[in-house]
Amino acid sequence: MAVEDGLKVELGKQGVFVTTIEELYNWGRRSSVWPMQFGLACCAIEMIATTMARYDLARFGAEVFRPSPRQADLMIISGTVTKKMAPQVVRLYNQMAEPKYVIAMGACAISGGPFKQGYNVLKGIDRYIPVDVHIPGCPPRPEALLQAFVTLQKKIDAQHLTGQGRPRHLDSAAQGEFPVPVQGEHDLEPTSNPGVWTVPVVIR
Amino acid sequence: MREKGLKTVEEIKAAIEAAVPGAGVEIVPNSSPSAQHSLRLDPRHAAAVARFLRDNEDLALDFLSNVTGIDWPDKEVAEKVKVIRPVTKKGDGVEQTAEETVEETRKRVEPGCLEVVYHLFSVAKKHGPVVLRMRTVNRTDQVELPSLTPVWRSAEFQEREVFDLYGVVFTGHPDLRRLLMWDAFKDHPMRRDYVEPDDFEYEPTAHDAVLARAAAHQAAHQTQEGKGSE
């Protein structure tokens, strides 16, 4: 039973703290999102700058970069994903425990960026794994990564634990593992995961 | 920029030919202001020549700074040739055969090849560069060239890159594997006739060549879909 905001404030003034399991649960999840410690290209330098004292990602509970996918909640795709690297990125994502989130950082990670027409660069990591927040920029400034991080926190906060749109780890029917693309003779096979990505409609 | 200590390419050529008999070195002139002429080596003597360039006291080219490749595709050349041809003419009711010079356009195909370029410097003598070139016989089945990795260790990864992107097979290379692309990859992306995979399904800001490829992809895809629904 949800408590009205006004009543909650009123009760708070009387020294009574009222909350819901959902709120408490989401508060806990969003306040300790631990990113995985890996960088792919120059965006990683900005990511490192974000964690340092000037921008201080620790303010948002994400200062602990884990060197193992088993302990990480967030994957920051910081940089160019080459076709040679893409299977490893998907495999690392599969190895992360639920609940897990992805921030695609920078032009290369979201679309291939300046290398889009190259033979060796993936045209966006969202072709293989579900991306929660996309950040444009080449590279994005640390403020942009902080903005993406806050956006992700808001997204986690807004998730309901039951019903439609609940997090994947609470939905037994949800897809848990994402197929790792195979490096074929000419290109990655398949070129995208249709369960995650379909060709967007371009409106001109 | 040539340091005053370095010999000219002509002098280097003469020195090579004196040291390695039958080396068959050709000078490839460079008409640009840099005048960075290069030496084309005969692949059969390349290893001996390379060793001479490294060990010779005057040259002492101890540092290989760069290895790169060039793809020369098959070229169709149209030439105008003057041909003498018998021509029959009717004059005064009598057929006469006379020889006339006729201009004819003939087409011939110049076979292509793969070329590898090495840039050498001397750290000891502080001079350079000396540019070496080698050509394969063709660009399909006879693409072997001798590896210069045994002479200059720094050639190892760069020759692997040339093998990866151009498909030149270096004989005598200690570890000839693809460097940048994955092992199962079959193509050589830096070749002029490389066709990249048709992944132009989503090009929101396409222009020029990409727009053409995206339109072609769209057309092919729509006809496929049309066939599927029939």
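The values are calculated or read from the model by the stated rules, or taken from the named source; none is laboratory data. Keep in mind it's a predicted model, so treat the numbers as computed, not measured. With ideal geometry, Cβ positions are generated from the backbone for all residues, glycine too; neighbour counts draw on all protein chains shown.
Would you confirm whether any residue within region B:153-160 is within 14 Å of chain A (Cβ to nearest Cβ) and either under 30 Å from the mean Cα position of the chain (by Cα) or over 23 Å from A:LYS84 (Cβ atoms) (or both)? No, region B:153-160 contains no residue that is within 14 Å of chain A (Cβ to nearest Cβ) and either under 30 Å from the mean Cα position of the chain (by Cα) or over 23 Å from A:LYS84 (Cβ atoms) (or both).
Within region A:142-197, being of a type in the set (Val, Ile, Thr) and in contact with an Asp or Glu (Cβ under 8 Å, 6 or more places away or on another chain) holds for A:VAL182, A:THR191, A:VAL196. The residues on offer are A:LEU145, A:LEU122, and the sole one that is more than 14 Å from every other protein chain (Cβ to nearest Cβ), in contact (Cβ under 8 Å) with a residue 60 or more places away in the chain and closer than 29 Å to A:LYS84 by Cβ is A:LEU145. Looking across B:MET134, B:MET190, B:MET181, one residue alone is within 9 Å of another protein chain (Cβ to nearest Cβ) and hydrophobic (A, V, I, L, M, F, W, C). It is B:MET181. I'd like the full set of residues that are of a type in the set (Ser, Thr, Tyr), surrounded by fewer than 16 Cβ atoms within 10 Å (Cβ to Cβ) and within 15 Å of A:LYS123 (Cα to Cα), limited to region A:169-204. If the condition is that a residue be of a type in the set (Ser, Thr, Tyr), surrounded by fewer than 16 Cβ atoms within 10 Å (Cβ to Cβ) and within 15 Å of A:LYS123 (Cα to Cα), then A:THR198 is the only one that fits.
Residues being in a strand (DSSP E or B), farther than 20 Å from B:GLU11 by Cβ and at pLDDT below 80 are represented in region B:78-85 by at least one member.
Highlighted here are the helices (runs of 4 or more DSSP H) found entirely within region A:13-110 that include at least 2 residues which are without any contact (Cβ under 8 Å) to a residue 60 or more places away in the chain and within 30 Å of A:LEU161 (Cα to Cα): A:21-30, A:86-95.
Within region B:9-59, the residues that satisfy the criterion of being in a loop (DSSP other than H, G, I, E, B), in contact with a His (Cβ under 8 Å, 6 or more places away or on another chain) and either touching a residue at least 12 places away in the same chain (Cβ under 8 Å) or among the hydroxyl-bearing types (Ser, Thr, Tyr) (or both) are B:VAL20, B:GLY22, B:ALA23, B:GLY24. When region B:60-77 is examined, which residues are found to be more than 20 Å from B:ARG135 (Cβ to Cβ) and in contact with a Ser or Thr (Cβ under 7 Å, 6 or more places away or on another chain)? Correct list: B:ALA60, B:LEU61, B:ASP62, B:PHE63.
For (1) out of contact with any helix residue (DSSP H, G or I) (no Cβ under 6 Å at 6 or more places or on another chain); (2) at pLDDT 90 or above; (3) within 14 Å of B:ASP71 (Cβ to Cβ), each residue gets a yes or a no:
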| residue | (1), (2), (3) |
| --- | --- |
| B:ARG135 | yes, yes, yes |
| B:ASN138 | yes, no, yes |
| B:THR149 | no, yes, no |
| B:PHE163 | yes, yes, yes |
| B:GLY167 | yes, yes, yes |
| B:PRO204 | yes, no, no |
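If you go through region A:180-199 and pick out every residue that is part of a loop (DSSP other than H, G, I, E, B) and either facing chain B (nearest Cβ under 7 Å) or in contact with a helix residue (DSSP H, G or I) (Cβ under 8 Å, 6 or more places away or on another chain) (or both), you end up with 12.
Is it true that some residue in region A:159-166 is under 21 Å from A:MET75 (Cβ atoms) and surrounded by 21 or more Cβ atoms within 10 Å (Cβ to Cβ)? For region A:159-166, residues under 21 Å from A:MET75 (Cβ atoms) and surrounded by 21 or more Cβ atoms within 10 Å (Cβ to Cβ): absent.
If I filter region A:124-142 for residues that are farther than 30 Å from B:HIS188 by Cβ, at pLDDT below 90 and not polar (S, T, N, Q), do I get at least one hit? No, region A:124-142 contains no residue that is farther than 30 Å from B:HIS188 by Cβ, at pLDDT below 90 and not polar (S, T, N, Q).
Looking at the structure I just gave you, is B:PHE200 touching a Pro at 6+ places or on another chain (Cβ under 9 Å), surrounded by 17 or more Cβ atoms within 10 Å (Cβ to Cβ) and more than 7 Å from chain A (Cβ to nearest Cβ)? Spelling it out, it is not the case that B:PHE200 is touching a Pro at 6+ places or on another chain (Cβ under 9 Å), surrounded by 17 or more Cβ atoms within 10 Å (Cβ to Cβ) and more than 7 Å from chain A (Cβ to nearest Cβ).
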